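Each reported figure results from applying straightforward, stated rules to the coordinates on display, with no laboratory input. Just so we're clear, the structure is a prediction, and the values are computed from it rather than from any experiment. Neighbour counts are summed over all protein chains in view; Cβ atoms, including those assigned to glycine, are modelled from backbone coordinates with ideal geometry.
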Amino acid sequence: MAETVPPEKTFFGNYQLEKKLGQGGMGTVYAARDTGLNRQVALKILREDLGGDSSFAQKFLDEVEATASLAHPNIIRVYTLGEQDGRLYLVMEHLDQPSLEQRMEKPGRIPERDVLEIGIGIASALQFAHAQTNLIHRDIKPGNILFGRGNIPKLADFGLAAGAQSALGQQDEIWGTPYYVSPERLNRQEEDVRSDMYSLGATLFHALAGRAPFEADTAEEVARRHLMDRPPSLRSLCPDANEQTVFTIDRCLQKSPGQRWQQYSELIAQLEDARRRAG
């Protein structure tokens, strides 16, 4: 349930905070009112320690600003970003539909055709953003996939994790339990678009199967399983899924980047073929 913001803490810059929507590894998201343009927005205030270093703050803002110019139907729009009282914040498009993570909390699995539509939309967003900015997302997960009108999937926080890591000079910090993190990131190796493909594949696997590819009692054990174990057979968990869907997602989850899809155009074509076969 959304948390109401106390009246004495309702203003942050020109934005009136209305209620807390959620909290993640990098900060807290609020529903807010843009008092200048009289519109509903989502405002994300980053963790206080992320804005404590002025050098970091400038580098981070420069990095995220590059992604704020991205105009794509499957990417959440960033309206503005800045710093106030030592706190970094982003003002974004507000969507009132449940995230994929919230949808997955309900009993049952996400229908196969819906999973494929999500995969096509998010892969298209990643392809566009990489072509425009040469950045990768690094935090593909169900909580970062939201939905607009017409059930259109939209990717949130594009450039946020990438910007933080670029500014900090770190490639290994994990924002939360690594259910969807690529093996190369866990090994502190260089990441590229195939790392985001792995995370997208893990997300689609979870949505279709009703469980993550790797589960364990601790984050450390989940990470170890990403590195050492093969995921359970998607066919065994989803016997009714069409073969093309299983094949496409399984290839996303290969341990070696060289064995995954090498370009987004390949992945999107495979997902579209799977959607045709799904009926």
*Could you tell me what % of all Cα pairs in segment 177-268 have separations over 23 Å?*
18
_Potential extension, residue 263-residue 131 segment - 0.36 nm per residue separation minus Cα distance_ = 46.4 nm
*So what's segment 232-279 giving for Rg/Rh, alpha carbon basis, Kirkwood Rh from the mean inverse pair distance?*
0.98
*Alpha carbons only, please: Rg and Dmax for segment 211-251, in angstrom.*
11.8, 33
*asked:* Order 228-239, 29-40 from most to least packed using the mean count of other Cβ atoms within 10 Å.
replied: 29-40, 228-239
*Quick one: go through segment 250-279 and flag any residue whose amide nitrogen is under 19 Å from the point 7 Å out along the Cα-to-Cβ line of residue 243.*
250-252, 270-279
*Stretchable slack from residue 230 to residue 48, in nm (0.36 nm times residue separation minus alpha-carbon distance)*: 61.7 nm
*segment 100-278 - convex hull of the alpha-carbon atoms, volume per residue in Å³*: 113
